[in-house]
1. For the range 1-68, compute Rh as the Kirkwood radius over C-alpha pairs and then the Stokes-Einstein diffusion coefficient at 10 °C and 1.306 mPa s; write the answer in µm²/s, rounded to an integer.
2. So how long is each side of the range 86-126 along the principal axes, counting just the alpha-carbon atoms, biggest first, in Å?
3. When only DSSP loop residues count, what trypsin sites (Lys or Arg not before Pro) in the range 60-151 have their Cβ near at most 13 other Cβ atoms within 10 Å?
4. Using only Cα atoms and rounding to the nearest 10 degrees, what angle (0 to 90) does helix 134-144 make with the longest principal axis of the chain?
5. Would you mind calculating the gained length between Q134 and D42 on full extension (0.36 nm times residue separation, minus the Cα-Cα distance), in nm to one decimal?
6. Calculate for the chain the 222 nm mean residue ellipticity that helices alone would give, adding -39,500 (n - 2.57) per DSSP H run of length 4 or more and normalising by residue count, nearest 500 deg cm²/dmol.
7. Sort out for me the Cα centre separation of the range 104-126 from the range 1-37, rounded to whole Å.
8. Is the range 35-90 rounded, prolate or oblate when judged by the Cα gyration tensor, a ≥ b ≥ c being the square roots of its eigenvalues, rounded requiring a/c under 1.5 and prolate requiring a/b larger than b/c?
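Please treat every number below as a calculation from the coordinates, not as lab data. For clarity, every value in this text was computed on a predicted model and none was experimentally measured. Backbone-built Cβ (ideal geometry, glycine too); neighbour counts: all protein chains shown.
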Amino acid sequence: MRVGLGADHAGCGLKDALAVHLAARGHEPVDFGTGDPAVSVDYPRFAEAVARAVAAGEVELGILCCGTGIGMSITANKVTGIRAALVHDATTPRLAREHNDANIIAMGARLIAPALAAELVDTFLAATFEQRHQRRLDLISGIESGRRGPA
Ligand code: RB5
């Protein structure tokens, strides 16, 4: 699977470790930067790059890393068609896929260990969306397309 990866300076080390992990498992990691953890950068730029690549179908799924994962998830969710989930334990990446059809996960490199992050990535890639939740996703799409007020 082609998987887009993005990070700021705080998430760069984790992002690089996850790229190695993905490649070792036969996936094709596509690195959207940043490349130098010593240089402070702005996380929205990297979140947007990965989110747009996922939305355009250039990569199937995305993985974003910053200090907490919060800024990355907030930013990615501004891009139409993106459902980015902030994940931190064994359950959240599975349910993000099964219930929310998340197409990006965000993680906090300052909060979780690289070994756990790799497990979360594996779980995310292995899980599949459960169609019974489609109605809720359609409601989200309705908000994106400008529907006014609760449906
Ligand atoms: C950078 O210091 C930090 O704010 C960023 O990595 C992230 O945690 C933001 O949500």
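1. Details: Rh = 11.6 Å.
Translational D for this selection: 137 µm²/s.
2. 26, 15, 14
3. Working: sites: K78, R83, R94, R97, R110, R132, R135, R136, R147, R148; in loops: K78, R83, R110, R147, R148.
For trypsin sites (Lys or Arg not before Pro) across the range 60-151 that sit outside H, G, I, E and B with at most 13 neighbouring Cβ atoms in 10 Å, the list reads K78, R110, R147, R148.
4. Taking the Cα atoms of the chain, the angle to 134-144 is about 80 degrees.
5. Details: separation 92, 0.36 × 92 = 33.12 nm, distance 3.38 nm.
Full extension of this stretch gives 29.7 nm more.
6. On the way: 6 runs with 64 residues, N = 151.
Counting only the DSSP helices, I get -12500 deg cm²/dmol.
7. One Cα centre to the other: 11 Å.
8. Values: a/c = 1.76, a/b = 1.27, b/c = 1.39.
It is oblate, given that a/c is not under 1.5 and a/b is not larger than b/c.
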